[in-house]
Amino acid sequence: MGRIVYEAIFVSYKYCKVVVRVRHFRYRALITLDPVHSRPGTLHPPARHYANHTRALVVKARPLRADGGPTRYFPAEIWQDDEEPLDPGNSIPVTVRVIDDRADDYLAAGQQFILWSGGPVGHGIVYRKVFTDHGPS
């Protein structure tokens, strides 16, 4: 009978350097956070407010073109110019920073989006793109 030989290949990544460049986009948007309600069955309830420069929210957006693919979730950093926390109930002008190569396929002036944190917690509309990693827009 033949014998089975197992061969293992071990690769050391100590000397390998992988550089991944992902594009940064900044948009000005008007957002409204929904009033806080408990949501039974969710992993965590929505926050009463979010600190300025929060990374706790995700932008959920539809593609700009009808054939552009499915709805997409973008991790984001969101902040106000006055450094105040983001509170529910008010329409707040903010800057939204998204790090994703395809953000321009989903976000542009006039595009509506949903703010997500384990469920919908608000909504917004982009009114201007202000920056990409290549410089001001």
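The values are calculated or read from the model by the stated rules, or taken from the named source; none is laboratory data. In this text the structure is predicted, and so the values were computed from the model without any measurement. Cβ placement follows ideal geometry from the backbone for every residue including glycine, while neighbour counts extend to all protein chains displayed.
Taking the range 60-84, which residues are farther than 17 Å from TYR106 by Cβ and surrounded by 13 or more Cβ atoms within 10 Å (Cβ to Cβ)? Scanning the range 60-84 gives TRP79, GLN80.
The residues of the range 102-119 that are under 12 Å from the mean Cα position of the chain (by Cα) and either modelled with pLDDT under 90 or outside any loop (DSSP other than H, G, I, E, B) (or both), listed by number, are ARG102, ALA103, PHE113, ILE114, LEU115, TRP116, SER117. Just give me the residues in the range 50-68 being part of a loop (DSSP other than H, G, I, E, B) and either among the basic types (Lys, Arg) or touching a residue at least 12 places away in the same chain (Cβ under 8 Å) (or both), in sequence order. Within the range 50-68, ALA51, ASN52, HIS53, ARG55, ALA56, LEU57, ARG62, PRO63, LEU64, ARG65, GLY68 qualify. Looking across the range 93-119, the residues that are surrounded by 16 or more Cβ atoms within 10 Å (Cβ to Cβ) and hydrophobic (A, V, I, L, M, F, W, C) come down to VAL94, VAL96, VAL98, ALA103, LEU107, PHE113, ILE114, LEU115, TRP116.
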